[in-house]
Amino acid sequence: MYTNSKSRLRFTVLLVSCSFVASYLCFYLLPNVFEIWNNQAVDQLFAFRSSSEKLRPPYDHTIVHVDLNNTTIERLKSHYLDRSHFAQVTRNLSSMGVSAQVYDFIFAARLDEANDESFIEAVRDAGNVYFGLAFELWQEGQIRQGKIKEVQPASFLDERQWHVEIRGDPGKLYVGMNPLSSFFELVSVSKGVGSLSIKFDRDGVLRRVPLVVRYKEAFYPTLPFRVICDYLEVPPEKIVVEPGKAVTLKGARLPDEKGAHDIRIPIDERGCMIINYVGPWGQMDHYNFADVLLASNDRVELEMWKEELRNKIVVISDVSTGSSDVGPVPTDANYPLSGIHASIINGILTESFLRELSDREMLIAEVALLALVLLLSARFASITFSLGTLALAGCYAGTVGLGFLYGHVIFHVVRPLLMIVFAMVSIVVYRYVHEEKEKMESLRQRDFIRATFGRYLSNEVVEELLGAPRGLEMGGEVREVTFLVSDLRGFTALSTRLSPREVINILNRYLERMVKIISRYRGTVNEIEGDGILAFFGAPLPGEDDEERAIACAVAMQKAMMEINTEQRQLNLPELAMGIGINSGEVVVGNIGSKERAKYSAIGAPINTAYRIESYSVGGQILISPSTHDRVKSTVQVRGTMEVQFKGINHPVTLYDVEGIGGRYEISLPVRSAVPLAELKSPVPITCFPLEGKTVSDAAMSGSVTHLGGSAAKVTLDQPVEVRSNLKVLLAVEEGTEPAEAYAKVVSLEASESASSGYRVHLEFTWLPDDVKRFLEKKIPG
């Protein structure tokens, strides 16, 4: 049964909107399926265009290939060509008057002194030889420590670097790592080098190549880009890179032309140019390596070659059977990749570029298509509407084809068609089963919210969001939030002593208990990193008592550690100790990320402060900042305070050691009785190493334990340490065995009677393995 026309229109708009969202979700959730479909659809346009001489992009015969192929091997009667062959080809090409010799090779090391020197001399005399430089291509966020390996002399890379003008954010441009080039003496006499590095798309097809690669503080061009810039007399300082827009060559000039003009090459945000393939491999001009090599044997033939190759840009490559430099491209499944160089040079020379519509342009096109679907829905019955919608899809497909073939523009193919199909089917179904569809849509919306937010919010908060009129409109905003950071003491060292199964079981029991407590106190678990937890109080929904709930939650968590340790003892496993830091302050909260991946999170200095506060705590301790204490000082119960110095802050900061909170929550930690330190009859020798975060310093300090009591100790060290710093402690439990390790925090310093007596330090052990604990207990007298 139909509702009135206003209600029907409203639901139709909703269905069309859902079709829009669903199509984007398909690409977000299943990129390996839908993105590949879209790329393959565009590839069909490449293949169709390459089959027609009229539709192929223009080919500039200035670019030619000299191929080392199977015929070359047969004619030279050798499967192996040494450097003397390449030297002779270089001389011959130079005498033929070519403009540039582009070697798609990396001669990584010297092989034969005489032949290598001959090749070096030929390259030097030619003055127009270019070689490739291989990088590992990384995105800036993926770079890991230790990836850079200087395999070339630093001077080589410094001399070849480019300094181009960057307009915009270069952060997403590819970063080159681990450079590899031909041996230094060879490339040092070449005219230039360029990157050979490429990135295949998700389906393994090569469609685009970065024109410039970042390495350290400079940029390095791709090999064909370097060649064409020299050919057009465009130095690096006249190159403008606008990530996501274009690379502009200012004042480009062909050798035979007097006038100059700017060439604008479209690129994506990674600096990649879409390769405008001219067609199959055979479409370009090819010559045999053997012909060029043997041309010098006949003066008349050499003169003929001069007429043939004068002023050409020559790409020399190995395309023989078994060559690894072959890969799939849109026009061919097994394409010699040296053709990429020619295609890039040809595209720039002929200024025949392909441009992919931006996200904004595609969004406008998709909205326009859906608006037409709405118009058809409002004017026609179901059958006519369906036929009209299919005709609309056909018109869009035709526009995509014409835009590619004649406008050199690449549209997104699959997603808009998917939107149209989704919209058409959903509207037709709605017209017949509209009430059931409405119920299902409502349930789907609620499930979507739960799936999106239920991972990091309590069920109670999710239900409140579902009931809030603006529950989904949670953009970024400034808000007062209280942060709770917890971490197990010494768990990294403990995990090395246990099996992976035991470590996982311990972590799961611990985290399950802690997350339940945080949820009970209406906190939001934002991060779980190993044994550490970051929780919010006051976001996404604010409360009047966020600080009190955070402290009550921390106390409950510490009390729960007693139950956890009871289970640990029953399972013959080591006990655990947890430290907690709490801080309050203004931060920006909201859904942060990109269209592909987003997360509800917070940004601001108070988060880092919470982590710093937690690092000063010992096992069983809760430390809160002054900002948190000021808000709860009427109800919080404090054991004591400590003065700490944060890096980057000139003044000391007071931290409060919490033992409980009153008011509506009324929860406290058990009273800890002070254990007196007993003097040992014979000091225990130790070796200490300072810790900087999770990293152990190499600087060793010798000392000895003189007093013990509970988890505390008094030691004497031969070097000074800072209060609240962390130490790794090594001591010999048994003679002839490796020293056992423990971890401790410096809680106070004691003045020594003389400099020769060393530095007296009070320690609180943050992790003490059972064997070390038993050993030390035996040392306590009586």
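Are any residues in segment 40-67 under 14 Å from D201 (Cβ atoms) and either charged (D, E, K, R) or crowded, with 18+ Cβ neighbours inside 10 Å (or both), and if so, which ones?
Those that are under 14 Å from D201 (Cβ atoms) and either charged (D, E, K, R) or crowded, with 18+ Cβ neighbours inside 10 Å (or both): V42, D43, F46.
Check every one of the strands (runs of 3 or more DSSP E) wholly within segment 687-782 and list those with 1 or more residues that are charged (D, E, K, R) and within 21 Å of E614 (Cα to Cα). Working first, answer last.
On the way: elements: 701-709, 712-717, 726-731, 740-750, 759-767.
Of the strands (runs of 3 or more DSSP E) lying wholly inside segment 687-782, those with at least 1 residues that are charged (D, E, K, R) and within 21 Å of E614 (Cα to Cα) span 726-731, 740-750, 759-767.
Restricting the search to segment 23-39, which residues are aliphatic (A, V, I, L, M) and either crowded, with 19+ Cβ neighbours inside 10 Å or farther than 21 Å from L370 by Cα (or both)? Break it down stepwise before answering.
Filtering segment 23-39 down to residues aliphatic (A, V, I, L, M) leaves 25, 29-30, 33, 36.
Hits for segment 23-39 are L29, L30, V33, I36.
Against the definition (under 38 Å from the mean Cα position of the chain (by Cα), crowded, with 17+ Cβ neighbours inside 10 Å and over 22 Å from F536 (Cα atoms)), how does L655 come out, yes or no? Before you say what the answer is, go through the steps one by one.
Values: under 38 Å from the mean Cα position of the chain (by Cα): yes; crowded, with 17+ Cβ neighbours inside 10 Å: yes; over 22 Å from F536 (Cα atoms): no.
It is false that L655 is under 38 Å from the mean Cα position of the chain (by Cα), crowded, with 17+ Cβ neighbours inside 10 Å and over 22 Å from F536 (Cα atoms).
Determine if segment 357-366 includes at least one residue that is within 24 Å of V66 (Cβ to Cβ) and either free of Cβ contacts under 8 Å to residues at least 12 places away in the same chain or out of contact with any Phe, Trp or Tyr (no Cβ under 9 Å at 6 or more places or on another chain) (or both). Lay out the reasoning, then the answer.
Kept after step one, since they are within 24 Å of V66 (Cβ to Cβ), are these residues of segment 357-366: none.
No, every residue in segment 357-366 fails to be within 24 Å of V66 (Cβ to Cβ) and either free of Cβ contacts under 8 Å to residues at least 12 places away in the same chain or out of contact with any Phe, Trp or Tyr (no Cβ under 9 Å at 6 or more places or on another chain) (or both).
Is segment 364-378 home to any residue that is part of a helix (DSSP H, G or I) and either within 25 Å of T62 (Cβ to Cβ) or touching a strand residue (DSSP E or B) at 6+ places or on another chain (Cβ under 6 Å) (or both)?
Taking segment 364-378 first, the residues part of a helix (DSSP H, G or I) are 364-378.
After this cut, where a residue has to be either within 25 Å of T62 (Cβ to Cβ) or touching a strand residue (DSSP E or B) at 6+ places or on another chain (Cβ under 6 Å) (or both) as well, the list is none.
Checking segment 364-378: not a single residue is part of a helix (DSSP H, G or I) and either within 25 Å of T62 (Cβ to Cβ) or touching a strand residue (DSSP E or B) at 6+ places or on another chain (Cβ under 6 Å) (or both).
Read through the list (1) touching a helix residue (DSSP H, G or I) at 6+ places or on another chain (Cβ under 9 Å); (2) over 20 Å from D104 (Cα atoms), then give the number of the only condition that E217 fails.
(1) is the only condition that E217 fails.
Residues in segment 545-583 that are more than 21 Å from S668 (Cα to Cα) and either outside any helix (DSSP H, G or I) or in contact (Cβ under 8 Å) with a residue 40 or more places away in the chain (or both): how many? Steps first, please.
The first filter runs over segment 545-583 and keeps only residues more than 21 Å from S668 (Cα to Cα), leaving 567-575.
This time we only want the ones that are either outside any helix (DSSP H, G or I) or in contact (Cβ under 8 Å) with a residue 40 or more places away in the chain (or both), so: 567-568, 571-575.
Selection size over segment 545-583: 7.
Any idea which residue in segment 749-761 is surrounded by the most Cβ atoms within 10 Å (Cβ to Cβ), counting only those that are at pLDDT 85 or above and out of contact with any Gly (no Cβ under 9 Å at 6 or more places or on another chain)?
It comes out as R760.
Kindly indicate whether any position in segment 73-82 is among the acidic types (D, E), in the same structural domain as L254 (by TED's automatic domain parsing) and either touching an Asp or Glu at 6+ places or on another chain (Cβ under 8 Å) or closer than 30 Å to D230 by Cα (or both). Even if it seems obvious, please write down each step before you answer.
Step one: of segment 73-82, the residues among the acidic types (D, E) are 74, 82.
Keeping just the survivors that are in the same structural domain as L254 (by TED's automatic domain parsing) gives 74, 82.
Filter once more, so that each one left must be either touching an Asp or Glu at 6+ places or on another chain (Cβ under 8 Å) or closer than 30 Å to D230 by Cα (or both): 82.
Scanning segment 73-82 turns up at least one residue that is among the acidic types (D, E), in the same structural domain as L254 (by TED's automatic domain parsing) and either touching an Asp or Glu at 6+ places or on another chain (Cβ under 8 Å) or closer than 30 Å to D230 by Cα (or both).
In segment 55-80, what count of residues is obtained for those that are free of Cβ contacts under 8 Å to residues at least 40 places away in the same chain, at negative phi and not in a helix (DSSP H, G or I)?
Number satisfying all stated conditions: 3.
For segment 187-217, which residues satisfy the criterion of being surrounded by fewer than 22 Cβ atoms within 10 Å (Cβ to Cβ) and closer than 30 Å to A114 by Cβ?
Within segment 187-217, S188, V189, S190, K191, G192 qualify.
Any idea which residue in segment 285-300 is modelled with the lowest pLDDT, counting only those that are within 26 Å of P255 (Cβ to Cβ) and touching a Leu at 6+ places or on another chain (Cβ under 9 Å)?
Step one: list which residues in segment 285-300 are within 26 Å of P255 (Cβ to Cβ), which gives 285-287, 289, 291-292, 295-296.
This time we only want the ones that are touching a Leu at 6+ places or on another chain (Cβ under 9 Å), so: 287, 289, 292, 295-296.
Working: Y287: 93, F289: 92, V292: 92, A295: 87, S296: 82.
Ranking the candidates gives S296 first.
Report whether or not Y335 is outside any loop (DSSP other than H, G, I, E, B), within 29 Å of W138 (Cα to Cα) and of a type in the set (S, T, Y).
Details: outside any loop (DSSP other than H, G, I, E, B): yes; within 29 Å of W138 (Cα to Cα): yes; of a type in the set (S, T, Y): yes.
Spelling it out, Y335 is indeed outside any loop (DSSP other than H, G, I, E, B), within 29 Å of W138 (Cα to Cα) and of a type in the set (S, T, Y).
Name the residue that is modelled with the lowest pLDDT, counting only residues in segment 522-539 that are assigned to a loop (DSSP other than H, G, I, E, B) and in contact with a Lys or Arg (Cβ under 9 Å, 6 or more places away or on another chain).
A539
Can you tell which of E121, E117, E74 is surrounded by fewer than 19 Cβ atoms within 10 Å (Cβ to Cβ) and either at pLDDT below 90 or touching a His at 6+ places or on another chain (Cβ under 6 Å) (or both)? Please lay out each step first, then the result.
Working: E121 fails: either at pLDDT below 90 or touching a His at 6+ places or on another chain (Cβ under 6 Å) (or both); E117 fails: either at pLDDT below 90 or touching a His at 6+ places or on another chain (Cβ under 6 Å) (or both).
Only one candidate passes the filter, namely E74.
What's the total number of residues in segment 628-653 that are in a strand (DSSP E or B) and either modelled with pLDDT of 90 or more or of a type outside the set (K, R) (or both)? Lay out the reasoning, then the answer.
Keep residues of segment 628-653 that are in a strand (DSSP E or B), which gives 636-644, 653.
The next check asks that each one be either modelled with pLDDT of 90 or more or of a type outside the set (K, R) (or both); those that pass are 636-638, 640-644, 653.
Looking only at that region, the number is 9.
Looking at K245, K258, which one is over 27 Å from N32 (Cβ atoms) and free of Cβ contacts under 8 Å to residues at least 12 places away in the same chain? Write out each step before concluding.
Values: K245 fails: free of Cβ contacts under 8 Å to residues at least 12 places away in the same chain.
It is K258.
For segment 489-502, enumerate the residues that are surrounded by fewer than 17 Cβ atoms within 10 Å (Cβ to Cβ) and not acidic (D, E). Talk me through it step by step, then tell me what you get.
Of all residues in segment 489-502, those surrounded by fewer than 17 Cβ atoms within 10 Å (Cβ to Cβ) come to 492-493, 496-502.
Scanning segment 489-502 gives T492, A493, T496, R497, L498, S499, P500, R501.
Out of everything in segment 654-678 that is of a type in the set (D, E, K, R) and not in a loop (DSSP other than H, G, I, E, B), what residue ends up being nearest to M642 (Cα to Cα)? I'd like the intermediate steps shown before the answer.
Taking segment 654-678 first, the residues of a type in the set (D, E, K, R) are 657, 659, 664, 666, 672.
If we keep only those that are not in a loop (DSSP other than H, G, I, E, B) too, we end up with 657, 659.
Working: D657: 8, E659: 14 Å.
Once the filter is applied, the top-ranked residue is D657.
Give me a count of the residues in segment 337-363 that are in contact with a strand residue (DSSP E or B) (Cβ under 6 Å, 6 or more places away or on another chain) and farther than 22 Å from L249 by Cα.
Total meeting the criteria: 2.
Give the residue that is surrounded by the fewest Cβ atoms within 10 Å (Cβ to Cβ), with candidates limited to residues of segment 670-728 that are at pLDDT 85 or above and within 30 Å of A552 (Cβ to Cβ).
Among those residues, the one meeting the criterion is P670.
Of the residues I592, I649, I582, only one is surrounded by 22 or more Cβ atoms within 10 Å (Cβ to Cβ), farther than 28 Å from E502 by Cβ and not basic (K, R); which? Give the steps one after another, and end with the answer.
Working: I592 fails: surrounded by 22 or more Cβ atoms within 10 Å (Cβ to Cβ); I649 fails: surrounded by 22 or more Cβ atoms within 10 Å (Cβ to Cβ).
Answer to the check: I582.
Out of the residues in segment 1-22 that are β-branched (V, I, T) and buried (at least 16 other Cβ atoms within 10 Å of the Cβ), which is modelled with the highest pLDDT? Please lay out each step first, then the result.
Pass one, segment 1-22, residues β-branched (V, I, T): 3, 12-13, 16, 21.
Of the ones still in play, those that are also buried (at least 16 other Cβ atoms within 10 Å of the Cβ) are 12, 16.
Values: T12: 83, V16: 88.
Result: V16.
The values are calculated or read from the model by the stated rules, or taken from the named source; none is laboratory data. This structure is a prediction, so every number in the text was calculated from the model and none was measured. FYI the Cβ positions are ideal-geometry reconstructions off the backbone, even for glycines, and counts take in every protein chain you see.
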